[in-house]
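A quick write-up on the structure given underneath.
Here, each number is a calculation from the coordinates, and none is a lab measurement. These numbers come from a predicted model, not from an experiment. Backbone-built Cβ (ideal geometry, glycine too); neighbour counts: all protein chains shown.
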C-alpha cells in the first residue's frame, strides 16, 4: 500500500514538472514574440525616420535649386540692364 502511494506521488511530481516546463516554454515563446514585435516597431520607426530625412533633403535640394535659379535670373537681369545702359 505504501508502495502505491509512493508511486502515485512520484507520478504527480513528474506531471507537475512537465507542466512547469510547458509553462516556461510558453513564457519564452511570449517573450520572443514581444521581442519580435519590439524589433518590428524599431525597424518601422527607423524607416519612418529615414523617409523623413530623405524628404528633408529633397526639400533642401529644391530650395537650393530655386535659389540658384533666382540668382541666375538676377544676374541675367543685371547683365541686360548693363547692356541697355551701355547702349545708351
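Key figures for this structure:
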| read-out | value |
| --- | --- |
| Förster radius 41 Å - calculated FRET efficiency between residue 53 and residue 77, Cβ distance, rounded to 0.05 | 0.70 |
| Radius ratio Rg over Rh of the chain, counting only Cα atoms, Kirkwood formula for Rh | 1.84 |
| Distribution of pairwise C-alpha distances over the stretch 15-64, 5 Å bins, in % | 4, 18, 10, 13, 9, 8, 9, 6, 7, 4, 4, 4, 2, 1, 0 |
| Most mobile listed residue (65, 78, 51) in the chain, GNM with C-alpha springs under 10 Å | 78 |
| Fully extended contour minus Cα-Cα distance, from residue 34 to residue 60, at 0.36 nm per residue | 5.5 nm |
| In nm, spacing of pseudo-spin labels at residue 14 and residue 85 (7 Å Cα→C-beta vector) | 10.7 |
